[in-house]
Amino acid sequence: MTTAQVELSGSIAVDALSRPARSLWGDAWYTFTRDKLALAGLFTLTFIVLAVLFGPLIWPHTISDIDFKASLQGPSLDHPMGTDDLGRDLLARVLYGGRVSIAVGITAVLVSITLGTAIGAFAGYFSKLDNPLMRLTDLFLSLPVLPLLLVLVYLFRDTLTRTIGPVVGIFVMIVGVISILNWMPVARLVRASFLSLRQREFVEAARCVGSSDARIIFRHILPNALSPVLVAATIGVGGAILTESTLSFLGLGFPPDTPTWGRLLYDSQQYLEFAPHWPLFPGLCIFVVVLAVNYIGDGLRDALDPRRKI
Amino acid sequence: MGRYIVRRLLIAIPTLIAISFVMYAILALAPIDPLSQFGADPRIPPEAREHIRHALGLDQPWPIRYVKWVTAMAQGDFGVSFMSHSSVSDLIWQRLPNTLWVVGVAYIVSVVVALPAGVISAVRRNAALDHVISTLAYAGFSFPTFFTGLVLILIFSIHFHWLTFLYDSNLQVHDIPSFIAELKQAIMPIAVLGLFDAAILTRYTRASMLENLPLDYVRTAHSKGLRESVVVISHVLRNSLIPVVTLIALGVPAVFGGAIVTEQIFHVPGIGALLVDSIGTGDTPVVAAVVMIFAVLQVLFNLFADVCYAVLDPRIKYS
C-alpha cells in the first residue's frame with residue numbers, strides 16, 4: 001500500500017519534471033486558440049491568402065481576357081463574380097488584385113515596423129537621442145496623412161514609373177509613402193518599453209559582464225519589447241490595405257491595367273447602375289481581410305498580455 | 001495650467017512652420033513642373049513660357065519662394081490658382097462651408113450614436129446586446145468608407161431611387177422643402193462618415209468604461225445605495241470620458257481626411273474634392289494651400305486634445 005503510494009507520487013513528480021517547459025509563445029498560442037473570433041480570423045485570412053496565391057494558377061480566365069459579348073454580366077457559373085465593362089472575368093481580377101493589395105499591406109507594415117522599432121529603440125536606449133527623435137516623431141504625427149499621401153504619389157509617380165517600371169515603381173512608391181507616414185505609433189511603443197526595460201536588473205547584469213550596446217539592445221531588450229509591436233503590426237496590415245485601396249480608389253494608385261481591390265472599386269463607379277455586382281466582391285474582400293486582421297490583432301493582444309492571465 | 005496652455009501654443013507654431021517647410025520642399029523638389037500642362041501645348045513658344053515662369057516667380061530659388069509664400073500666407077494671402085486664375089483663398093472659402101457642414105454633422109451624429117452604444121455595451125458586458133454592438137463596431141471600422149458609400153448609392157439611389165447621389169451645391173436653403181432637399185442630398189455622405197467614426201468611438205468608449213467599472217470608487221458608490229443609472233452616468237461615465245474626449249478631438253483631422261474620399265464618391269464640392277482636382281491638374285498653389293489647411297487643423301486639434309486632457313483631469317499636474 002505504502003509502496004504503491006510512493007510510486008504514485010513518484011510518477012506524478014516525474015511527470016511534472018518531464019512535461020515540456022511552457023514558453024511565452026506556447027502560452028500565447030494556447031490563449032490565442034481559445035479566442036474563437038481570432039481563430040476564425042486566422043482561418044479566413046489563411047484561406048484568402050492561399051486563394052490569391054494559387055487561385056490565378058488554377059482559374060481558367062486571366063485578368064486580360066477581353067470578351068465584349070459578355071460585358072457587364074452578373075454572377076454566373078462561368079463568371080462567379082460577373083464581368084466588367086470589357087467582359088473581363090472579375091473573379092480572376094479580384095484574385096490577382098488580392099495579391100497586389102495584400103503584398104502592399106504586408107510589405108508596407110514590415111518597412112514601417114522596422115523603421116519605427118529602430119527609431120524607438122535608439123530614442124529609448126540612448127538618452128541623448130531621445131529628445132530629438134521624439135520631436136521628429138511628434139512632427140510626423142502632426143502631418144495630415146491622407147492629403148500628403150496623395151501629394152507624394154502625384155509628385156513622384158511619373159519619375160518612379162519611368163526609372164523602375166510601371167508596376168514595380170508604383171509598388172515601391174506606395175509602400176514607401178505608407179511606411180514613411182505610419183512608423184510613429186510603433187516608435188512610441190518601442191521607446192516606452194525600452195525606457196522601462198533598460199532600468200531592469202537583467203540589463204544591468206548584462207552590462208556588468210561586458211555586453212556591448214548592440215548585444216544588449218538586440219539580445220536582451222528587443223525580444224522583451226516585441227509583443228506590442230507584433231500586435232501593432234498585425235492591425236497595421238489592415239490599415240495599409242485600406243490606405244492602398246483608398247489611393248487606388250482616388251485614381252492615384254496602380255496603373256489601370258493592374259487590378260487591385262481599390263482600383264476595381266474605382267473602375268466600377270461609372271457602371272453602378274448597370275453592374276451593381278462589380279463593386280460588391282472587391283469591396284467585400286477588403287472588408288473581410290481587414291476584419292480578419294483586426295480580430296487576429298485583438299486575439300494576439302489578449303494572448304501576449306501577461307496581465308490578462310489569471 | 002495657463003502656463004501649460006501658453007507653452008503648448010508656443011510649441012505649435014514651430015511645428016506648423018516645420019510642416020509648411022517640409023511640404024513646400026517636397027513640392028519644390030518634386031520632378032513635376034507646375035507648368036507642365038502649358039509645356040505640353042506646342043502653341044506656347046519657349047520665350048512665352050519663360051515669361052509666365054518669371055511672372056509667377058517660378059524662376060527664383062525655392063527657399064526664397066518658400067519665405068515669400070509663408071509670409072504671404074500668414075497674412076491670409078494664399079496666392080493665385082494656376083488653373084482658374086482666381087485667388088486660392090476665394091476657391092477655399094467657396095468650398096469650405098460644404099465640407100464643414102457634412103463633416104460637422106457627421107461628427108455630431110457619430111458622438112451621439114457612439115457614447116450610448118459604448119456605455120450600454122460596457123455595462124452589459126458579454127450580454128447579447130454587447131455582442132451585437134461590438135460586432136457592429138468592428139464591422140463599421142473594417143468597412144472602407146468608399147465601399148460603404150458605393151453600397152449606400154446602390155441601395156438608396158439605384159435600387160430604391162429615394163436619394164440622389166449627385167450633390168447640388170447651388171441649392172439654397174430658404175424654406176422647409178429646400179431644407180429637406182439639402183438633407184436628402186447630404187444624408188448619405190454624413191451617414192458614411194458618421195458611421196465610420198461612430199464605430200471607432202464606440203470601441204474607445206467601451207474600453208474606457210470597462211477600465212473604470214471594476215474600480216473601488218464604483219463599489220463605494222454602489223454601497224452608498226446610489227441607483228445604477230446614477231453610478232453609471234455621473235460616476236463611471238464622467239471618468240471614462242476623459243480619454244474619450246481627447247480621442248474625439250484627435251479624430252477630427254482624420255474625419256477631414258475621410259471627407260476627401262466621401263466628397264469624391266458623392267461629388268460634394270468641398271475642400272477634399274478641391275485637393276483631388278488640383279492634384280489632377282497640377283495646380284500647385286491650391287494643393288499647397290489645402291494641405292496646409294489640413295496641417296493647421298491637425299495641429300490645432302492635437303493642441304485642443306492636450307488642453308482638454310489637462311482641463312478635464314485635475315489629477316494630472318502640469319508644470
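The values are calculated or read from the model by the stated rules, or taken from the named source; none is laboratory data. These numbers were taken from a predicted model, which means no experiment stands behind them. Note that we place each Cβ from the backbone using ideal geometry, even for glycine, and neighbour counts take in every protein chain shown. Areas reflect the complete protein model, heavy atoms only, side chains present, ligands, DNA and RNA absent. Shrake-Rupley method; radii C 1.70, N 1.55, O 1.52, S 1.80 Å.
Scanning segment B:251-274 for residues that are aliphatic (A, V, I, L, M) and closer than 20 Å to B:Pro144 by Cα yields B:Val252, B:Ala254, B:Val255, B:Ala259, B:Ile260, B:Val261, B:Ile265, B:Val268, B:Ala273. Taken together, the residues in segment B:124-140 that are open to solvent by less than 40 Å² (accessible area, probe 1.4 Å) and of a type outside the set (Gly, Ala, Ser) amount to 3. Within segment B:90-115, the set of residues being surrounded by 14 or more Cβ atoms within 10 Å (Cβ to Cβ) and more than 19 Å from the chain's Cα centre (by Cα) comprises B:Leu115 only.
Residues considered: A:Ala118, A:Ala123. Of these, the only one that is within 28 Å of A:Leu226 (Cα to Cα), modelled with pLDDT of 90 or more and surrounded by 18 or more Cβ atoms within 10 Å (Cβ to Cβ) is A:Ala123. Looking across segment A:111-137, the residues that are among the aliphatic types (A, V, I, L, M), more than 14 Å from chain B (Cβ to nearest Cβ) and over 20 Å from A:Gly262 (Cβ atoms) come down to A:Ile113, A:Leu115, A:Ala118, A:Ile119, A:Ala121, A:Ala123, A:Leu129, A:Leu133. Note on segment B:204-319: enclosed helices (runs of 4 or more DSSP H) holding 2 or more residues that are away from chain A (no Cβ under 14 Å) and crowded, with 16+ Cβ neighbours inside 10 Å are B:216-223, B:238-266, B:284-312. Screening B:Ala191 with (1) at pLDDT 85 or above; (2) part of a helix (DSSP H, G or I); (3) open to solvent by 50 Å² or more (accessible area, probe 1.4 Å) gives one miss only, at (3). Please determine, by comparing only the residues of segment A:138-147 that are under 21 Å from the mean Cα position of the chain (by Cα) and facing chain B (nearest Cβ under 7 Å), which one is surrounded by the most Cβ atoms within 10 Å (Cβ to Cβ). Filtering first and then ranking leaves A:Leu146.
Here segment A:203-246 is the region considered, the condition is being touching a residue at least 24 places away in the same chain (Cβ under 8 Å) and hydroxyl-bearing (Ser, Thr, Tyr), and the residue that is least open to solvent (accessible area, probe 1.4 Å) is A:Ser245. The residue that is surrounded by the most Cβ atoms within 10 Å (Cβ to Cβ), counting only those in segment A:273-295 that are of a type outside the set (Gly, Ala, Ser), within 7 Å of chain B (Cβ to nearest Cβ) and assigned to a helix (DSSP H, G or I), is A:Ile286. A single member of B:Ala295, B:Ala310, B:Ala289, B:Ala259 is modelled with pLDDT under 80 and of a type outside the set (Ser, Thr, Tyr), and it is B:Ala310. Summed over segment A:96-110, the residues that are buried (at least 21 other Cβ atoms within 10 Å of the Cβ) and either small (Gly, Ala, Ser) or touching an Asp or Glu at 6+ places or on another chain (Cβ under 6 Å) (or both) give a count of 6.
So that you can scan it fast, the table gives a plain yes or no per residue for (1) more than 13 Å from chain B (Cβ to nearest Cβ); (2) polar (S, T, N, Q):
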| position | (1), (2) |
| --- | --- |
| A:Val209 | yes, no |
| A:Ile217 | yes, no |
| A:Gly236 | yes, no |
| A:Leu242 | no, no |
| A:Thr246 | no, yes |
| A:Leu250 | no, no |
| A:Pro256 | yes, no |
| A:Ser268 | no, yes |
| A:Tyr271 | no, no |
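The condition (being within 14 Å of chain B (Cβ to nearest Cβ), touching a residue at least 40 places away in the same chain (Cβ under 8 Å) and closer than 24 Å to A:Leu272 by Cβ) is satisfied by just one residue among A:Leu181, A:Leu90, A:Leu150: A:Leu150.
I'd like to check something: does segment B:164-180 contain any residue that is open to solvent by 30 Å² or more (accessible area, probe 1.4 Å) and either under 20 Å from B:Val113 (Cβ atoms) or not assigned by TED's automatic domain parsing to the domain that holds B:Val268 (or both)? For segment B:164-180, residues open to solvent by 30 Å² or more (accessible area, probe 1.4 Å) and either under 20 Å from B:Val113 (Cβ atoms) or not assigned by TED's automatic domain parsing to the domain that holds B:Val268 (or both): absent.
On inspection, B:Leu100 qualifies as modelled with pLDDT of 75 or more, closer than 30 Å to B:Ala207 by Cα and more than 14 Å from chain A (Cβ to nearest Cβ). In segment B:127-143 there is at least one residue matching the filter, namely being outside any helix (DSSP H, G or I) and either more than 21 Å from B:Phe256 (Cα to Cα) or not acidic (Asp, Glu) (or both).
For segment A:165-177, the candidate set comprises residues that are away from chain B (no Cβ under 14 Å) and buried (at least 19 other Cβ atoms within 10 Å of the Cβ); within that set, the residue that is nearest to A:His220 (Cα to Cα) is A:Val175.
Considered as a group, the residues in segment B:144-160 that are open to solvent by 50 Å² or more (accessible area, probe 1.4 Å) and within 11 Å of chain A (Cβ to nearest Cβ) include one that is modelled with the highest pLDDT, and that residue is B:Ile155.
Just so you know, in segment A:296-305 the residues that are surrounded by fewer than 24 Cβ atoms within 10 Å (Cβ to Cβ) and touching a Gly at 6+ places or on another chain (Cβ under 9 Å) include one that is farthest from the other protein chains (Cβ to nearest Cβ), and it is A:Gly297. Here A:Arg200, A:Arg162 are screened, and the one residue that is over 18 Å from A:Leu230 (Cα atoms), within 12 Å of another protein chain (Cβ to nearest Cβ), open to solvent by 40 Å² or more (accessible area, probe 1.4 Å) and out of contact with any Gly (no Cβ under 6 Å at 6 or more places or on another chain) is A:Arg162.
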